[in-house]
Amino acid sequence: KIGGSKISNYDGRTYPGQITMTEVLEKSINTGAVFAERQLGHNLFLKYIEKFGFFNKTGIDLPEVYSVNEEFKNGYEINFATAAFGQGIEITPLQLARAFSVIANGGKLVKPYLVEKIGEQKIEPELSKPVISSKTASQITTMLASVVENGFGRGAKIPGYYIAGKTGTAQVPFSALGIKK
């Protein structure tokens, strides 16, 4: 329980004993993600969210709408808990893809672009300073490959390829479905 809210896992499952972070990712264990966020601490967690670009435009060469996450930044305990497993933060699909690119690019954030060349001029990717170390990016890649090989992401397996991925569960508000509670 966080304040008056109950945090639960997919299908109400429980996982007794010690669980590795790889298992937390493989089985999408929300309570494990909350535990990890608490170990990291709210300030460092918030700093990483910023470094991964979740509070800013991606800079793509198109008009862009994004959230500055006012509610999340209020600092309520429940907001940090739900953001730890991806439900307490507002991001666009492009922001999510850019964040995953940090892992794929050895720890560096990439500015996305749509066009490879303008005339004869090739567009070169813009890389940031490291968000995480290349060693950490490699470790996370291995963990995410295990999600597809051994975890709930098995449906994404393609024979002969290693695929890194992460499943997700969403809670959609009744109002978004047109249902009055």
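Derivation of every value follows stated rules applied to the coordinates shown; laboratory data play no part. These numbers were taken from a predicted model, which means no experiment stands behind them. All Cβ positions, even for glycine, are placed from backbone atoms using ideal geometry, and neighbour counts span all protein chains on display.
Listed by chain and number, the lysines placed with their C-alpha closer than 20 angstrom to that of LYS135 are LYS47, LYS51, LYS108, LYS166; residues fewer than eight positions away on the same chain are left out. The mean of 1/r over all pairs of different alpha-carbon atoms in the stretch 45-126, once inverted, gives a Kirkwood hydrodynamic radius of 14.0 Å. Specify the angular offset, from 0 to 90 degrees and rounded to the nearest 10, of the alpha carbon long axis of helix 93-104 from the longest principal axis of the alpha carbons in the chain. Roughly 80 degrees, rounded to the nearest 10. Inter-part distance, the stretch 1-44 to the stretch 85-120, computed on C-alpha centroids, equals 25 Å. Roughly what angle does helix 30-40 make with the longest principal axis of the chain, taking Cα atoms, 0 to 90 degrees, to the nearest 10? The angle comes out at about 70 degrees. Here the average projected area of the convex hull drawn through the C-alpha atoms of the chain stands at 13.7 nm². Working note: 222 nm ellipticity from helices only, DSSP H runs with n ≥ 4, each -39,500 (n - 2.57), summed and divided by the residues of the chain, gives -11000 deg cm²/dmol to the nearest 500. Projecting the Cα positions of TYR162, SER101, ASN150 onto the charge dipole of the stretch 59-181 (unit charges on Cβ atoms of Lys, Arg, Asp and Glu, taken about the Cα centre) puts ASN150 furthest along the positive direction.
Here the peptides 23-35, 63-75, 110-122, 86-98 are ranked by packing, the mean other Cβ count within 10 Å, and the order with the highest first is 23-35, 86-98, 63-75, 110-122. Here, the stretch 1-90 yields an orientationally averaged convex hull projection of 7.1 nm² when only Cα atoms define the hull.
Computed from the Cβ-Cβ distance with R0 of 22 Å, the FRET efficiency linking ARG38 to TYR10 stands at 0.65.
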